[in-house]
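The values are calculated or read from the model by the stated rules, or taken from the named source; none is laboratory data. Since the structure is predicted, the reported quantities are computational estimates derived from the model, not experimental observations. Cβ placement follows ideal geometry from the backbone for every residue including glycine, while neighbour counts extend to all protein chains displayed.
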Amino acid sequence: MRIAVWGAGSLGLMWAARLALAGWSPVLITREKQQRDQIREKGITLVTVTGKVHRLSIECRWAEEEMEALDQILLMVKQTALPTAVRQSLRRLHPKGTLWLWQNGMGGEEVLPQSFSQERVIQAVTTEGARKESDTEVVHTGTGRTWVGSLAGTPRSADVDRLLQSGQSLGADLRWDPDIRHRMWEKLLINSVINPLTAILHVTNGELIEKPSFFSLALPIVEEATAVAEAEGYAFDVGSTLQRVTDVCRQTAPNHSSMLQDVRRGRTTEISAINGYIAKKGKVYGIATPVNQWVTELVSAISGRNTGTEESLPCS
Ligand SMILES: NC(=O)C1=CN([C@@H]2O[C@H](COP(=O)(O)OP(=O)(O)OC[C@H]3O[C@@H](n4cnc5c(N)ncnc54)[C@H](OP(=O)(O)O)[C@@H]3O)[C@@H](O)[C@H]2O)C=CC1
Ligand SMILES: CC(C)(CO)C(=O)C(=O)O
């Protein structure tokens with residue numbers, strides 16, 4: 001089975017290293033030739049949460065390069081990079097191969113061609129944290145859980161099962177979830193509060209819950225988002241959702257959310273796939289989502305503005 005990790009960023013470098021440690025021979029795909037050359041020369045280095053350092057030699061290709069058909073492609077690019085990465089990766093995917101989407105937020109499947117069967121798509125939802133230190137180095141910043149499931153609700157194949165078992169053998173908390181869409185909504189609700197508010201206020205996840213004034217928009221964001229989730233068929237209680245958000249802020253207190261990092265680095269954020277998605281779905285169902293719409297506009301306005309330093313800020 002030929003497995004590719006598409007995108008050599010934080011998650012991609014970590015999972016390519018993990019797959020290699022588990023005895024697979026993954027191929028890691030980079031956006032730039034320059035990173036491919038670096039990885040070919042130096043291999044990749046993974047620093048685990050306990051500080052153990054693994055140096056691994058990994059097959060590496062550039063996204064536009066010709067390559068043998070791939071059976072499993074783990075797409076580990078940001079939502080904003082999906083259109084190009086999907087176009088490139090589907091050209092390399094074996095006709096019976098499986099595509100794995102790892103993005104935070106929603107809407108990834110909408111980027112796929114309509115002719116591409118949902119039965120060939122696996123969605124992963126992860127609370128693990130990784131941080132790319134350089135083109136060849138990554139740090140596993142926080143343990144968490146990863147759920148994977150079929151977007152079509154079909155049972156897992158033997159190949160997917162083997163991959164899950166490999167991850168588990170390395171100590172990764174990797175689980176099959178037959179209702180992955182529910183899990184995606186659960187994570188979306190958490191990201192819909194923490195990501196925009198930390199990015200707008202420039203605070204860590206822990207600082208967000210320290211002052212009531214910082215957290216004051218959490219309630220209207222969650223009220224709107226849970227109403228939209230319910231219209232989509234996923235029921236969440238407002239109080240328990242706010243409690244879950246608070247728990248995640250506590251568990252990841254020192255973290256700078258991925259959206260805050262993007263804003264500080266002057267990069268496009270994933271806001272359209274998070275609060276923007278909630279606002280878009282709200283329109284479809286006739287549910288008012290002014291606060292989600294407002295934070296979407298505000299984060300879009302402040303992102304891409306700072307040229308910012310490429311600080312190494314932890315996220316999970
Ligand atoms: N990091 C984390 O701890 C977590 C991340 N996530 C989610 O996982 C996804 C990936 O995040 P993360 O790894 O942090 O992001 P990064 O920005 O660190 O990595 C994304 C990588 O994708 C590469 N890329 C972009 N376009 C292409 C392309 N067409 N072909 C090949 N590679 C491409 C980028 O290359 P280049 O640098 O050259 O642009 C970059 O190396 C996001 O949706 C994020 O929200 C979810 C939970 C935790
Ligand atoms: C859960 C959270 C908010 C952790 O930082 C995250 O997923 C992110 O930063 O994108």
Sort through 131, 87 and tell me the only one that's free of Cβ contacts under 8 Å to residues at least 24 places away in the same chain and either at negative phi or in contact with a strand residue (DSSP E or B) (Cβ under 7 Å, 6 or more places away or on another chain) (or both). 87
Please go through segment 117-132 and give me each residue that is assigned to a strand (DSSP E or B) and under 12 Å from the mean Cα position of the chain (by Cα), ordered by number. 123, 124, 125, 126, 129, 130
Among the residues of segment 106-116, is there at least one that is crowded, with 17+ Cβ neighbours inside 10 Å and part of a strand (DSSP E or B)? no
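Quick grid of which residues meet (1) surrounded by fewer than 22 Cβ atoms within 10 Å (Cβ to Cβ); (2) within 16 Å of ligand 1 (Cβ to nearest atom); (3) under 22 Å from residue 10 (Cβ atoms):
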| residue | (1), (2), (3) |
| --- | --- |
| 232 | yes, no, no |
| 256 | no, yes, yes |
| 261 | no, yes, yes |
| 276 | no, yes, no |
I need the full set of residues from segment 126-175 which are modelled with pLDDT of 90 or more, more than 10 Å from ligand 1 (Cβ to nearest atom) and in contact with a Leu (Cβ under 6 Å, 6 or more places away or on another chain), in order please. 164, 174
Take segment 166-220 and flag every residue that is of a type in the set (A, V, I, L, M), farther than 27 Å from residue 288 by Cβ and part of a loop (DSSP other than H, G, I, E, B). 170, 172, 203
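Condition check ((1) part of a loop (DSSP other than H, G, I, E, B); (2) surrounded by fewer than 21 Cβ atoms within 10 Å (Cβ to Cβ)) across all residues:
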| site | (1), (2) |
| --- | --- |
| 25 | yes, yes |
| 36 | no, yes |
| 50 | yes, yes |
| 82 | no, no |
Can you confirm whether segment 248-255 contains a residue that is within 17 Å of residue 221 (Cβ to Cβ) and assigned to a helix (DSSP H, G or I)? yes
